[in-house]
Amino acid sequence: MSADTPARTTTGFGHKRQAFRNWRGQRPFWGGMLTLLAGIPIMYVPYQNLTLGSLTIRMSTTAGAGSLIIGVLLVVLGLTMWFQPQSRVFAGIAAILLALVSLVVSNFGAFLIGFLLGLIGGALGVSWAPAKPARAERGAKDTTGTASAPVTAADEEAPPAQDPAAPQQGPRDDTAVSEASPATGADAHDGNGRHRAG
């Protein structure tokens, strides 16, 4: 492999494909797609004729306008999941409710095709959650997954130097580690958990 290989994959079609994958990963793409597809048969079926030999059956009902409205709303809700992902919960719940209403209004939800697509698409829209940023995820792994490096004496801050002629301030702390400076309280309050048993 040459050094040109990574550059070749990020130009032209590869770049567009990667940009589409990034766009798709930031929204409930499949929920929006299924909701959008659910609206098409719900709009289409009530206005079509079914021909069996010389017999023509009209599929439209008195609620043909209602099925047209439901279909258009499902298409709009699918686009809302794509372009307004922060409204995904509202759009998903509305898609589920419209799919349920289409059972009654639009020939059993366009013969259950539009009903099932709207139900699954709405559920995917409600259940989708954005991914955590990579930095926060990496930081969480560093703090919980790996042991921290031991602190050496060179890493610790040295206590401030005191004038030998100055009197000691405060009483001696008996809980400090032996040989520690009680005035600074370096070992008594630094949270390392080492105390001398009395």
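Where a number appears in this text, it was derived from the coordinates with a stated rule and is not lab data. The structure presented is a predicted model; accordingly, all values stated were derived computationally and were not measured. Neighbour counts are summed over all protein chains in view; Cβ atoms, including those assigned to glycine, are modelled from backbone coordinates with ideal geometry.
Label points 7 Å out from Cα along the Cβ direction at Gln48 and His15: separation in nm? The answer from the label model is 4.2 nm. For the peptides 93-102, 45-54, the ranking by packing is 93-102, 45-54, with the highest mean count of neighbouring Cβ atoms within 10 Å listed first. A Förster distance of 22 Å, applied to the separation of the beta-carbon atoms of Asn22 and Phe83, puts the FRET efficiency at 0.90.
Which net charge results when you count Lys and Arg as +1 and Asp and Glu as -1 among the other residues whose beta-carbon is under 13 Å from that of Gly125? Residues close to Gly125 contribute a combined charge of +2.
Whole-Hz Karplus values for segment 82-95 come out as 6, 9, 10, x, 6, 9, 5, 5, 4, 5, x, 5, 5, 5 Hz, taken residue by residue from phi with 6.51 cos²θ - 1.76 cosθ + 1.60 and θ = phi - 60°; glycine and proline positions read x.
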